[in-house]
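Read-outs throughout are calculated quantities, based only on the coordinates presented, and are distinct from any laboratory measurement. None of these values were measured; they are calculated from a predicted model. Don't worry about glycine lacking a Cβ; one is built from the backbone with ideal geometry, like all the others, and counts go over all protein chains shown.
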Amino acid sequence: MSGSVRLDRLLANMGYGSRNEVQQLARIGAVMLDGAPVRDASQKIAITADLPTRLTVQGEALDPLAGLALMLHKPLGVTCSHKEAGPLVYNLLPDRWRRREPALSTVGRLDKETSGLLLLTDDGALLHRIISPKLHVTKHYVATLARPLKGDEAALFAAGTLMLEGETKPLAPAVMETLSPTSARVIVTEGRYHQVRRMFAATGNHVDALHRERIGALTLPADLAAGEYRQLSPADIAAIFA
Ligand code: URA
């Protein structure tokens, strides 16, 4: 985003309300630029990188203009969708982030019954870099299994020949580390539908619980409880591609 834009349009696109609501906020002095109220929201303001430090809405610093990127500790039982029935990951975020244009999207999906590190962004280029199979960004899962491992799973996953049911292209090689007789860490570079569950199904096992602990070198922080989120720092984004 660059140039200048009407303040009411900018704030409406960032989810602060309709243009009318934003105008009303401005009229009552709730929108401040450089410490002074901007009472006419139809005025144009220059888009500068430091705007979030200069503009406040109802006493709070402006959200990032574009390129909002978050990590969420996805709890069990919520769906990565904008519109399906039941609890959605977007309901865990502030209302105004759900109204942003361009919209926030999850970077790939985790199943409703998978927990762990989920990224969200409104930055389409960033999203595509993370999910592009060409860039081989690793996704690290811990799977808890219904039955003991047989011992040949790691070799099967590493072979690059495993064909999942209903597919025509084999999976790229994946790494499996045994953690206990009935749990394993699996590191994949693709994001196929129900991939880890289907990989174990192909070995005659069943995944009882699945948790994503890491993407690239970005690990879910231990102090980020299920349901909590945090904005990604530039160092976090670099870690994804490290
Ligand atoms: N693999 C799965 O089976 N489910 C997920 O949610 C992620 C990877």
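Shape verdict for region 4-61, please, from the Cα gyration tensor: rounded (a/c under 1.5), prolate (a/b greater than b/c) or oblate. Can you show the working numbers first?
On the way: a/c = 1.42, a/b = 1.14, b/c = 1.24.
Rounded is the answer for region 4-61, as its axis ratio a/c remains below 1.5.
From the square roots a ≥ b ≥ c of the eigenvalues of the alpha-carbon gyration tensor of region 84-159, which class results: rounded (a/c under 1.5), prolate (a/b over b/c), or oblate?
Judged from the Cα gyration tensor, region 84-159 comes out oblate (a/c at least 1.5, b/c at or above a/b).
Can you give the local net charge around Gln43? Use residues other than it whose beta-carbon is closer than 12 angstrom to its beta-carbon, Lys and Arg +1, Asp and Glu -1.
Local charge sum for Gln43: +2.
Determine the distance separating the Cα centre of region 74-132 from the Cα centre of region 179-242; give it in Å without decimals.
Region 74-132 and region 179-242 have Cα centres separated by 15 Å.
Net charge near Leu135: determine it from the other residues with C-beta under 14 Å of the C-beta of Leu135, scoring Lys and Arg +1 and Asp and Glu -1.
Counting the neighbours of Leu135, the net charge comes to +2.
According to the square roots a ≥ b ≥ c of the eigenvalues of the Cα gyration tensor, what is the shape class of the chain, taking rounded for a/c under 1.5, prolate for a/b larger than b/c otherwise, and oblate for the remainder?
prolate
Could I have the simple spin-label model distance between Leu76 and Phe241, label points 7 Å from Cα toward Cβ, reported in nm to one decimal?
3.6 nm
For every other residue with a beta carbon closer than 11 angstrom to the beta carbon of Val89, add +1 if it is Lys or Arg and -1 if Asp or Glu, then tell me the sum.
+3
At 7 Å along Cα-to-Cβ for each site, give me the label-to-label distance between Val5 and Lys150 in nm.
Result: 5.5 nm between the two label points.
Where does the chain land at 222 nm, in deg cm²/dmol rounded to the nearest 500, when only DSSP H runs of n ≥ 4 count, each adding -39500 (n - 2.57), divided by all residues?
Calculated from helices alone, the mean residue ellipticity at 222 nm is -5000 deg cm²/dmol.
For the pairs Lys112/Lys169; Lys74/Lys169; Lys83/Lys134, note any where the Cα-Cα span goes beyond 32 Å. Write out the running numbers ahead of the final one.
Details: Lys112/Lys169 25 Å; Lys74/Lys169 30 Å; Lys83/Lys134 30 Å.
Long pairs (Cα-Cα over 32 Å): none in the table.
Using only the alpha-carbon atoms of region 139-215, report the extent along each of the three principal axes, biggest first, to the nearest angstrom.
Rounded to whole Å, the extents work out to 31, 26, 19 Å.
Extension gain Glu101-Ile47, at 0.36 nm per residue separation less the Cα-Cα distance, in nm?
Separation in residues times 0.36 nm, less the Cα-Cα distance, equals 17.8 nm.
Residues of region 189-225 with backbone nitrogen within less than 16 Å of a virtual label 7 Å along the Cα-to-Cβ line of Lys169, please, listed as ranges.
Answer for region 189-225: 189-195.
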